[in-house]
Amino acid sequence: MKEFIIIWIGQLISSIGSGMTAFAVSIYVYQSTGSATLVSLAALLAFLPTILLNPVGGVLADRYDRRLMMILGDSLSALGLLFMLISIQTGHRGIMPIFIGVTINSVFISLLEPAYRATVTDIISEENYAKASGLVQIAGTSKYLISPFIAGLILTVSDIRAILIFDIATIIITAFAVASVKKRIEVVKPINDNFNFFKEFEAGVNSITSDRGVRSLVILMTFMCFFIAFIQTLMTPMILAFADTKTLGIMESVSAVGMLIGSVIIGILDIKKNYSKILMVSLMAAGIFMALVGTTTNITFIVISCIMFFIALPFINTCADVLIRMKIPNDVQGRAWGIISVITQSGFIMAYAVCGALADYVFGPMLMEGGILAGNIGKLIGIGEGRGIGFMLIIAGIIMFVFAFVFSSKKNIYEIEGSIR
């Protein structure tokens, strides 16, 4: 686990930096425009290139040195941050430089993610998959647990430029961490003169579609990503409707303690079986607590509901991760993870494309003074700015619960675990 831990520490640091940038960008765009639609558009641009290019990154990760791919992806992603920093520093304070910068950043991250996931399988033994996945969840948690708190404090005394500089520094540290491991574990990928991208891609697709359990799991995780994107994107405008930036940062950090708790529990329990059952129960729990987040403007209740929601996420991600990692052969995992990322995270893309507009033009007006739901739903959850978003989260949480409940009655996903015992 030694080499994995070194890479993991680098990714932890990088995750903190990228989380701070994501938080600062959402604040910057919302305060500049007052539009939830443009906040979701910024999230879409930060996400879409990575998703579309992940299959390319996956093919390259199975063909070339995965550690080198990680170094290149992380280092080159700093170009997008530099573009935003220079644009703002030279007086271009509109949102267009932000949109361009996050897009550039996302393009190069597509080289990193499949290589990172496949590297975990490269360097650790099968019995440590769940433990490693729990640690990966902790690193991912940092962008919600630590980043909003630090970024919120920095933004009270400085602006987005300080956040961008910090993120660039974390990328440099991460690149050195991966490079140190690369020197000790040199994996030379075979070079095939008859390389055909489409055949390589087809092999990755077949590794997923040939097993009906894997197919069902990927579909389920796609729906999960769609609904989770609502709370990720709309939390900022919902909270800023009745609180300030510092409160938002502290609230998001405290709420994300749930992900740390969930990840620590996974590490302690060292789960060895019942991945499918744990996955379904966790999905249903996440749906319930997402719905509760939208029911009130009471910060304490929102934080408690968010903590419980975030506790469920590591269980969902770890169980899905282990099931797929154990089922798909290592030599095609780079391609498989790239394709799975495109499919599952297309749920995020669809949500980012619609949730801002729904909040601004559909649900928002319904729960304003005189809106068509003000006299009924509004009496239960309140009316005014941000309450339409609250109602959207209630609906999304309920639907998420229903999807998990329906899939829990199917045998396909349970068959994955039975076939690898």
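The values are calculated or read from the model by the stated rules, or taken from the named source; none is laboratory data. Predicted, not measured: the structure shown is a model, and the values here were computed from it. Cβ coordinates were reconstructed from backbone atoms using ideal geometry, including for glycine residues, and neighbour counts include every protein chain displayed. Just the protein is used for accessible areas: all its heavy atoms, side chains included, with ligands, DNA and RNA removed. Shrake-Rupley method; radii C 1.70, N 1.55, O 1.52, S 1.80 Å.
With everything on Cα atoms, drop me the angle between helix 160-184 and the longest principal axis of the chain, reported from 0 to 90° to the nearest 10.
With rounding to tens, the tilt is 20 degrees.
Can you give the calculated 222 nm mean residue ellipticity of the chain, where each DSSP H run of n ≥ 4 adds -39,500 (n - 2.57) and the sum is split over every residue, rounded to the nearest 500 deg cm²/dmol?
-28000 deg cm²/dmol
Tell me which trypsin sites (Lys or Arg not before Pro) from segment 223-279 have a DSSP coil assignment and no more than 13 other beta carbons within 10 Å of their own.
Of the trypsin sites (Lys or Arg not before Pro), the ones in loops of segment 223-279 whose Cβ has at most 13 other Cβ atoms within 10 Å are Lys272, Lys273.
GNM, the chain, Cα, under 10 Å: largest mean-square fluctuation among Gly152, Gly91, Gly397?
Of the options given, Gly91 has the highest mean-square fluctuation.
Output the Kirkwood hydrodynamic radius of segment 217-356, Cα pairs only, in Å rounded to one decimal.
About 16.1 Å for segment 217-356.
Which ³J(HN,Hα) values, rounded to whole Hz and listed in residue order, are derived for segment 378-387 from phi using the Karplus coefficients 6.51, -1.76 and 1.60 in 6.51 cos²θ - 1.76 cosθ + 1.60 with θ = phi - 60°, glycine and proline given as x?
Karplus values, whole Hz, x for Gly and Pro: x, 5, 8, 10, x, 10, x, 4, x, 6.
Net charge within 11 Å of Ile154 by Cβ-Cβ distance, Lys/Arg positive one each and Asp/Glu negative one each, not counting Ile154 itself?
With Lys, Arg at +1 and Asp, Glu at -1, the neighbours total +1.
If exposed GluC sites (Glu not before Pro) are those in a DSSP loop with at most 10 other Cβ within 10 Å, what is the longest stretch of the chain that has none?
Result for the longest clean stretch: 1-185.
Given all pairs of different Cα atoms, what value in angstroms does the Kirkwood hydrodynamic radius of the chain take?
Kirkwood hydrodynamic radius for the chain: 21.8 Å.
What part of the accessible area of the chain, given as a whole %, is carbon or sulfur when the probe is 1.4 angstrom?
The C+S portion of the solvent-accessible surface of the chain is 68 percent.
For segment 22-117, rounded, prolate or oblate, judged on the Cα gyration tensor with a ≥ b ≥ c (square roots of eigenvalues), a/c < 1.5 rounded, else prolate if a/b > b/c?
Prolate, because a/c is 1.5 or more and a/b exceeds b/c.
So which residue, out of Gly371, Gly294, Gly17, gets the largest mean-square fluctuation from a GNM of the chain using Cα contacts under 10 Å as springs?
Gly371
Before I look further, what does the chain give for accessible area per residue, probe 1.4 Å, in whole square angstrom?
Normalised by residue count, the accessible surface of the chain is 40 Å².
Express the relative contact order of the chain as a whole percentage, based on alpha carbon pairs under 8 Å and six or more residues apart in sequence.
Result for the chain is 27 percent.
Principal axis lengths of segment 363-406 from Cα atoms, whole Å, largest first?
Largest first, segment 363-406 extends 37, 16, 13 Å along its Cα principal axes.
State the extension gain, in nm to one decimal, for the chain segment bounded by Phe301 and Val264, taking 0.36 nm per residue of separation less the distance between their alpha-carbons.
So the extension gain works out to 11.0 nm.
Take the cross-link list Lys143/Lys273; Lys131/Lys272; Lys131/Lys277; Lys2/Lys277; Lys143/Lys277; Lys2/Lys273 and give me the ones stretching past 20 Å between alpha-carbons.
Distance filter (> 20 Å) returns Lys143/Lys273; Lys2/Lys277; Lys143/Lys277; Lys2/Lys273.
Starting from the Kirkwood Rh over alpha-carbon pairs, what translational D in µm² s⁻¹ does segment 277-421 have by Stokes-Einstein at 20 °C and 1.002 mPa s?
124 µm²/s
Between rounded, prolate and oblate, where does segment 300-384 land on the alpha carbon gyration tensor, with a ≥ b ≥ c its root eigenvalues, rounded for a/c under 1.5, else prolate if a/b exceeds b/c?
Oblate, because a/c is 1.5 or more while a/b does not exceed b/c.
Quick one: go through segment 85-108 and flag any residue whose amide nitrogen is under 13 Å from the point 7 Å out along the Cα-to-Cβ line of Arg161.
Counting only backbone N, you get 85-93.
Please list, ordered by chain and number, the residues whose modelled amide H lies under 5 Å from the amide H of Asp65; skip anything fewer than 5 residues away on the same chain.
Lys189
Looking at the chain as a GNM with Cα springs under 10 Å, which of Val39, Val402, Val56 has the largest mean-square fluctuation?
Comparing Val39, Val402, Val56 in the GNM, the peak value goes to Val402.
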